[in-house]
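**Student:** The structure's right below; bear with me while I get my questions together.
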Amino acid sequence: MHVNDVAEIVVDNLENVVNGVYNIATTNVKIKDLASTVSEITGCAIEWIKREFEDQRNYQVSTKKAIEGGVLNLQKVRDVDHGIREIANLVKSGRIKYTENDIYFNERHIANLFENGKFF
């Protein structure tokens with residue numbers, strides 16, 4: 001889900017009476033499918049690595065409560081392709097530099113924060 005969509009949902013519901021927990025999501029995408037879409041849109045090459053272990057967990061959630069409660073409007077959200085194009089354009093324009101920087105890699109960024117006593 002695009003970060004701007006999450007922000008808009010929060011802002012749109014600040015003055016509404018909303019109780020409980022709401023799952024907000026648009027699409028459940030496997031990493032390998034996301035990589036293929038990135039490759040199709042950007043023309044970048046993908047290096048596939050065979051793994052002996054495949055994560056069998058299912059991350060699909062029900063958004064029924066959010067949709068029926070008016071919290072999530074799927075007509076207003078951006079699709080995955082939009083987000084990919086947006087990031088690709090930011091890299092091409094030079095607004096995002098140093099794409100190998102640790103801040104763009106959750107595992108490396110968190111490890112650095114932890115090592116420097118800044119994680120908590």
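**Student:** With the requirement that a residue be part of a helix (DSSP H, G or I) and either more than 17 Å from Thr42 (Cβ to Cβ) or of a type in the set (A, V, I, L, M, F, W, C) (or both), what does region 81-108 give you?
**Tutor:** Selection gives Ile84, Ile87, Ala88, Leu90, Val91, Asp102, Ile103, Asn106, Glu107, Arg108.
**Student:** Which one of Ala35, Ala45 is under 30 Å from Val91 (Cβ atoms) and exposed (fewer than 12 other Cβ atoms within 10 Å of the Cβ)?
**Tutor:** On inspection, the qualifying residue turns out to be Ala45.
Residue by residue, here is whether (1) surrounded by 11 or more Cβ atoms within 10 Å (Cβ to Cβ); (2) within 14 Å of the chain's Cα centre (by Cα) holds:
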| residue | (1), (2) |
| --- | --- |
| Ser39 | yes, no |
| Phe53 | no, no |
| Lys65 | yes, no |
| Glu86 | yes, yes |
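**Student:** When Glu68 is evaluated against the numbered criteria (1) under 30 Å from Tyr22 (Cα atoms); (2) in contact with a Ser or Thr (Cβ under 8 Å, 6 or more places away or on another chain), which criterion, by number, is the only one it fails?
**Tutor:** (2)
**Student:** From Arg78, Arg57, grab the single residue that is among the basic types (Lys, Arg), surrounded by 14 or more Cβ atoms within 10 Å (Cβ to Cβ) and assigned to a loop (DSSP other than H, G, I, E, B).
**Tutor:** Residue meeting the stated conditions: Arg78.
Since every read-out is calculated from the coordinates, none of them should be taken as a lab result. Note that the structure is a prediction, hence the values are computed from the model and not measured. Counting neighbours? That spans all protein chains shown, and the Cβs are built from the backbone with ideal geometry, glycine included.
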